[in-house]
Each structure stands twice: as structure tokens, then as C-alpha cells.
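Contents: one structure, followed by commentary.
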């Protein structure tokens, strides 16, 4: 971890420590079931800024394994799936700008990724990543959570959480977002990565500053701090996110890491990754494909 990366992240943690969480949890009967209770949670993050989350807690005697769902790149976050609610104390977070956390800041798509990107202290993702850590910290502080069974699921932002929070047991990385983002922008015109190219075409004088900002969130820079077990979903050969693209990241991780080769059959991939994560957290796999069959492999 370079000094600039560590300094930037340490600043986020200092800012979080200075802001009381001020948690409020409201029971939501509509999203509760015979096997779980769901709450709409509100927390205060840096700014200060009020964020939100869906939190589901299984009924019965705990403690239970915990699962933190990394927010994706979109405006709406739904409650966790029934399968996750049966097994885990599970949280899906609404960071600043997303629905239920869109006042006073409402995210724009496209545009969120590059909001303030030329200044790492003003970049919107500094606040968003603080929100993610605040949500994770609240989840893992709950008395229902087994501190030895904490999982993170979603894009590679989960590795940033694991690098900053050594309590993470396992991370299932389903897609890349922050990994080698400067290089990715040079190789694709797909959104949301194309937002970076849009910005640099408009403000070419910001090129060096933008690259410096993106380096702060590349999981490779903090891979050595990730002691959790990691599963990396690899895309097809020759694409961004294939095994070759992810190899430097995998090699840098301090903990045990494996690839899962995506089949692009939705249920097949979902069930394979679910089974891996459940195995790490001591939970029961919940396949959506019920007939016995091979559902992919990890290596």
C-alpha cells in the first residue's frame, strides 16, 4: 500500500470515527417473513450525511453468519433475497445519492462515477466508500452476528471493505468495478467506465489527476491487507475481467483465493457462488436449480 493510498483511506476512517452512527431501525412488516424480520435502517456517515439500508435478521436463536451486499452502480437497492434472509443477518446498503438516501444529494446516471473525480478529497466516491464502511461496521456490531462468520458479496468494492476491516471471513467478487480502472477505460467504451473517457474528453487537462484518484480505489493497492478467503468470478478469455486480467489481483491477495469461471448461465453461476460462500460461512447452500447437476467449478 503506497503512502498516498494509505493516507487517503486513513482519512476516511478518521472522519467516520468523528461522526456518531446515530442508528435508527424501523421494522418493516411488508418485507418480513415467517423466517426473518426486515428493518429499514438509517445511519449517519461522513459529511454528516444520512444513509439507509435494508437489514434482515433470521428468526430463532443466533448468533448467525452475516452477509454484507456491496452496493452496485444503480439508483435503486432492493431488500435482500429470500434465500439470504433465511441464513444470514444480511444488509443491502443505500449510500448517498441512491433512493432512500437521495437528499440532499441525488445521484445521476451516468455521471456519478466522475462527480468531483479530479480532486480525491471532493470525489463523491470518497463519501460513498465511507458510507459502505459505515454500513458494514453497523452490520457487524449487531448482537445477532457471529463475528467469526462475516461475508461480503458483490463487485470488487468488497475487497476494499476486507482490506479495511480484517473481520471479514470471505469475499465473493462477482464482477470488477474498481480494479485497473484507468486501464479499463482505455480498453472499453461501455458504461459506466465510459464516464471516465467522457470526462477526459471534456477536461483533458485533468488526465493525471483522474488517474491518481482512480489509483486510490484499485483493490490491487491494498490486496496484501486482504486476509479473507476470496472467490473471483472470471469472465471469458480476452475480456475485461478474465483470469489474465485478474491474475495480478489474485496473486497479491494475502489470503486464500480462487477463480470461478463464469458460465453465463445465470442460475448456474448464482448457485455455484452461493455454495462457495455458504461453505465459508458455515451456512446451508440454497440452490435455485434443484435437480442434481454440476454447477460450475472454482480453481
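None of the figures in this text is laboratory data; all of them are computed from the coordinates on show. Just so you know, these numbers come straight off a predicted model, no measurement behind them. Backbone-built Cβ (ideal geometry, glycine too); neighbour counts: all protein chains shown.
Table for the structure above
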{"quantity": "Relative exposure of 277, 240, judged by other C-beta atoms within 10 Å (fewest first)", "calculated": "240, 277"}
{"quantity": "Residue exposure sequence - 105, 49 - by fewest surrounding Cβ within 10 Å", "calculated": "105, 49"}
{"quantity": "Helical mean residue ellipticity (222 nm; -39500 (n - 2.57) per DSSP H run of 4+; nearest 500) of the chain", "calculated": "-10000 deg cm²/dmol"}
{"quantity": "Percent of Cα-Cα distances greater than 16 Å, calculated over region 1-69", "calculated": "63 percent"}
{"quantity": "Normalised contact order of region 17-129, rounded percent, pairs of Cα under 8 Å and 6 or more residues apart", "calculated": "20 percent"}
{"quantity": "Of all DSSP beta bridges in region 3-281, antiparallel share, percent nearest 5", "calculated": "45 percent"}
{"quantity": "Cα gyration tensor, region 98-247 - rounded (a/c under 1.5), prolate or oblate", "calculated": "oblate"}
{"quantity": "Stokes-Einstein D for region 32-150, Kirkwood Rh over Cα pairs, 20 °C, 1.002 mPa s (µm²/s)", "calculated": "145 µm²/s"}
{"quantity": "Region 115-132 residues near the modelled residue 209 label - backbone nitrogen below 18 Å, point 7 Å along Cα→Cβ", "calculated": "115-127"}
{"quantity": "Efficiency of FRET from Cβ geometry, residue 75 and residue 202, R₀ 25 Å, rounded to 0.05", "calculated": "0.60"}
{"quantity": "Estimated inter-spin distance, residue 187 and residue 6, nm [label 7 Å along Cα→Cβ]", "calculated": "2.9 nm"}
{"quantity": "FRET E, pair residue 18, residue 100, Förster distance 25 Å, beta-carbon r, rounded to 0.05", "calculated": "0.55"}
{"quantity": "Extension gain (nm, one decimal) between residue 61 and residue 256, 0.36 nm per residue minus Cα-Cα", "calculated": "67.1 nm"}
{"quantity": "The chain - Rg and Dmax from Cα coordinates, angstrom", "calculated": "18.7, 58"}
{"quantity": "Relative contact order of region 3-281, defined on C-alpha pairs under 8 angstrom at six or more residues apart (%)", "calculated": "15 percent"}
